[in-house]
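Okay, structure first, notes after.
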Amino acid sequence: MVKKLLLSSAALALVVCASAKSDVAIRLNQVGYFPNEEKVVVIEGINPAGKIQVKNLQGKTVLKPRNIRQAQSPWGDKTRYVVDISDLKKEGDYEVCVAGAKAPLRIARHALHDISVASLKLFYLIRSGVPIEAQYAGPYARPLGHADTQVLVHPSAASESRPEGTVISSPLGWYDAGDYNKYVVNSAFSIGLMLGVYEENKAYFDRLQTNIPESKNQTADFLDEMMFNMLWLLTMQDPDDGGVYHKLTTPNFEGFVMPKDCHQPRYVVAKSVTATLDFAAVMAQMARLMKGNADYPDFSAKAAEAAERAYLWALVHPDAFYRQADMNKQFQPAVNTGEYGDGNATDERFWAATELYKLTGKTVYKQDALRLMPSDFLVPSWGNVSGLGMLSWLSAGDAVQADKVRQALQACCDAYVKDTDQSCFQAPYGNHAHDFGWGHLSERCCGMGIALLFADQYVTKGKYRRYALENIDCLLGRNALGYCYVTGFGQKSPMHPHHRPSAADGIDAPFPGMLVGGPNPGQQDKGSNLVYPSSLPDESYVDHADSYASNEIAINWNAALVGLLCWVDATE
């Protein structure tokens with residue numbers, strides 16, 4: 001599959017060059033549209049009325065679209081034309097042509113299947129502690145790096161049973177982002193988000209093949225991949241008291257080298273209430289889903305016990321927040337890697353109580369969850385996981401609470417989509433400045449798309465799916481810069497993400513299936529060596545390995561991509 005994607009990108013690059021000769025820009029989903037769903041393209045640089053045609057590959061005109069809407073950019077003087085080509089329903093490959101510019105158009109029943117698989121397969125490619133083998137990874141194979149069988153207990157994490165410098169084993173897991181560290185908060189959130197989508201589409205995921213080492217066992221590849229990280233998470237719990245270390249990390253970020261060339265010592269650092277509650281939530285969720293699993297026969301019982309012990313530790317340590325700057329004043333070596341700091345654990349406790357109630361049926365957990373349930377629905381993020389808990393109540397068997405969640409979800413989704421039909425790119429995402437920022441392609445675009453699909457399932461069937469598809473179109477090329485923001489797909493996708501192995505492996509193309517953070521007007525990384533082409537919110541992006549603010553990758557971002565794409569792929 002990897003070789004196929006690379007060849008596709010190289011061949012389609014020729015079309016980009018041809019279009020680049022014109023002042024006309026054609027923005028469209030570069031991966032593919034479904035036959036019977038809405039299809040929209042956006043034209044910049046010219047009013048396409050009477051000039052735009054869709055041709056088949058033999059050069060025959062198959063559509064002269066007439067439904068054209070003019071739209072003005074919210075941030076500049078750009079005028080765009082939104083062109084509806086939904087009348088074209090026949091599967092095949094086409095070209096959109098206007099004033100000498102051309103862009104390829106694909107219509108296929110399973111248009112998003114390959115990119116859906118690649119987004120999930122990415123998690124195999126970023127596994128830690130095992131060799132990545134050529135039979136599963138093709139040219140992206142690499143030797144073992146970061147075995148993590150000799151990890152040190154940082155002084156901030158020292159206890160009577162595990163004093164400073166104790167050596168523990170904490171192997172497996174996923175590299176978190178562009179760096180090589182492993183963070184409990186983000187790992188637990190990422191798994192929880194994907195498991196929520198899995199529970200709505202079990203039949204799809206149970207048959208989905210991703211070609212990983214576990215593919216021949218009896219467990220779905222999706223669950224095998226989640227288990228690879230879950231088994232690492234289990235090692236992050238102190239067996240003495242049930243608290244969970246916040247992260248496994250080097251003191252400083254490694255350079256842009258391959259995992260085998262990294263030589264800094266690695267530590268587990270301070271236990272935190274947020275990491276411990278996120279751990280409790282996802283352990284309870286996975287314990288429920290893995291009951292009776294023949295490939296992991298002991299896991300469910302271990303995970304259930306670990307979840308309850310973690311929850312009890314969090315009750316006793318409600319103020320154990322991870323504050324890296326304060327920690328570094330007290331302990332050495334100083335730790336300067338990703339913080340995942342959070343000064344409020346109410347949302348984590350709500351999510352954990354919800355999942356523990358669904359696992360055990362115990363009243364104490366239900367009471368905690370209902371007391372902590374928020375009134376408003378927020379799209380889930382690692383910093384606020386309350387949305388994961390709320391969505392879980394939709395299938396918890398409590399009609400009263402499910403109705404409350406439906407109302408909150410509907411209010412959120414209705415507010416989000418209300419400006420779509422006046423927008424520049426015919427999508428709910430991208431119409432407000434707050435749609436753009438650090439990682440917002442994940443949270444504001446993909447995460448909101450997942451919420452829309454939950455609303456389509458539980459609020460009004462058939463109402464919200466359209467908007468989720470529009471967010472996908474925007475993500476895959478129908479946007480201000482014409483980027484397909486998923487590596488390895490489309491005619492114009494990121495080639496230089498802030499991702500250490502992609503930069504250091506000697507292969508021109510980055511790992512396929514990675515979602516980059518996207519336009520970020522904060523431009524926190526700009527400097528003499530990194531210049532953004534624009535300060536406009538939707539154009540503040542640069543495809544450069546140094547751009548951690550706009551071009552990094554992360555497991556929580558790919559988790560949202562998996563959730564959105566796979567759900568749509570499952571239901572088409």
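Express the C-alpha Rg of segment 274-405 as a ratio against the empirical globular expectation 2.2 N^0.38 Å, rounded to two decimals.
After normalising by residue count via 2.2 N^0.38 Å, the value is 1.14.
Could you calculate, for segment 353-468, the ratio of the Cα radius of gyration to the Kirkwood radius, expressed as Rg to Rh?
Reported Rg/Rh, Kirkwood definition of Rh: 1.01.
What ranking do 514-527, 412-425 get when scored by the average of other Cβ atoms within 10 Å per residue, highest first?
In decreasing order of mean packing, 514-527, 412-425 become 514-527, 412-425.
How much net charge surrounds Tyr416 when only other residues with a Cβ under 15 Å from its Cβ are counted (Lys, Arg +1; Asp, Glu -1)?
For residues surrounding Tyr416, the net value is -3.
In square nanometres, what is the average projected area of the Cα convex hull of the chain?
For the chain, averaging the hull's shadow over all directions gives 24.9 nm².
Taking the Cα atoms of segment 307-375, what is the range of coordinates along each of the three principal axes, in descending order and whole Å?
44, 27, 18
Which whole-angstrom value gives the distance between the alpha carbon centres of segment 134-179 and segment 183-228?
Rounded to whole Å, the Cα centres lie 21 Å apart.
What percent does the relative contact order of segment 35-118 come to when contacts are Cα pairs within less than 8 Å and at least six residues apart?
Normalised by residue count, the contact order of segment 35-118 is 32 percent.
Given Cα pairs under 8 Å that are at least 6 residues apart, what percent is the relative contact order of segment 264-366?
The value is 37 percent.
In square angstrom, what is the accessible area per residue of segment 369-425 with a 1.4 angstrom probe?
In whole numbers, segment 369-425 has 42 Å² accessible per residue.
With every protein chain kept in place and ligands, DNA and RNA left out, what is the accessible area per residue of segment 433-505? Probe 1.4 Å, answer in Å².
25
Which value in nm describes the separation of the simple spin-label points at Met495 and Glu160, placed 7 Å from the Cα toward the beta carbon?
6.1
Taking the mean number of other Cβ atoms within 10 Å as a proxy for protection, how do you rank 387-400, 174-187 from highest to lowest?
The peptides rank, most packed first, as 174-187, 387-400.
Could you check how much of the accessible area of segment 487-551 is carbon and sulfur, as a whole percent, using a 1.4 Å probe?
Answer for segment 487-551 is 49 percent, counting heavy atoms of protein chains only.
So what is the diffusion coefficient of segment 503-572 in µm² per second by Stokes-Einstein at 25 °C and 0.890 mPa s, using a Kirkwood Rh over Cα pairs?
Once the numbers are plugged in, D ends up at 180 µm²/s.
Using only the alpha-carbon atoms of segment 271-329 as identical scatterers, what base-10 log of I(q)/I(0) does the Debye formula give at q = 0.13 Å⁻¹?
-0.41
What percent do you get for the relative contact order of segment 124-246 when only Cα pairs under 8 Å and 6+ apart count?
After rounding, I find 21 percent.
Using DSSP to define loop residues, name the trypsin sites (Lys or Arg not before Pro) in segment 28-65 whose beta-carbon has at most 10 other beta-carbon atoms within 10 Å.
For trypsin sites (Lys or Arg not before Pro) across segment 28-65 that sit outside H, G, I, E and B with at most 10 neighbouring Cβ atoms in 10 Å, the list reads Lys60.
Grab the DSSP H runs of the chain that are 4 residues or longer, score each as -39,500 (n - 2.57), total them, divide by all residues and round the 222 nm result to the nearest 500 deg cm²/dmol.
-11500 deg cm²/dmol, from helical runs alone.
Where Lys and Arg each count +1 and Asp and Glu each count -1, what net charge lies around Gly145 among other residues with Cβ under 9 Å from its Cβ?
That sum, taken over residues with Cβ under 9 Å, equals +1.
Label point 7 Å out from Gln330 along Cα-to-Cβ: which residues of segment 236-261 have amide N under 15 Å?
Under 15 Å, as judged by backbone N against the label point of Gln330, lie 246 of segment 236-261.
Would you please state the base-10 log of I(q)/I(0) at q = 0.14, 0.19, 0.25, 0.26 1/Å for segment 455-544, with intensities from the Debye formula using one equal scatterer on every alpha carbon?
Here the Debye-derived log intensity ratios amount to -0.61, -0.92, -1.23, -1.28.
For segment 220-307, what does the convex hull of the Cα positions come to per residue, in cubic angstrom?
125
If you add up the charges near Pro380, with Lys and Arg at +1 and Asp and Glu at -1, over every other residue whose beta carbon is less than 10 angstrom from its beta carbon, what do you get?
Here the count lands on -2.
Provide the three semi-axes, in whole Å and in decreasing order, of the ellipsoid equivalent to segment 37-118 as defined by the square roots of 5 times the Cα gyration tensor eigenvalues.
Three semi-axes, in Å: 23, 17, 11.
Could you work out how much longer the chain between Asn36 and Leu315 gets when fully extended? Use 0.36 nm per residue separation minus the Cα distance between them, nm to one decimal.
95.3 nm
The values are calculated or read from the model by the stated rules, or taken from the named source; none is laboratory data. Everything numeric in this text was worked out from a predicted model, so none of it was measured. Note: ideal-geometry Cβ built from the backbone for every residue, glycine included; neighbour counts use all protein chains shown. Accessible surface is based on the protein model in full, side chains and every heavy atom, while ligands, DNA and RNA are left aside. Shrake-Rupley method; radii C 1.70, N 1.55, O 1.52, S 1.80 Å.
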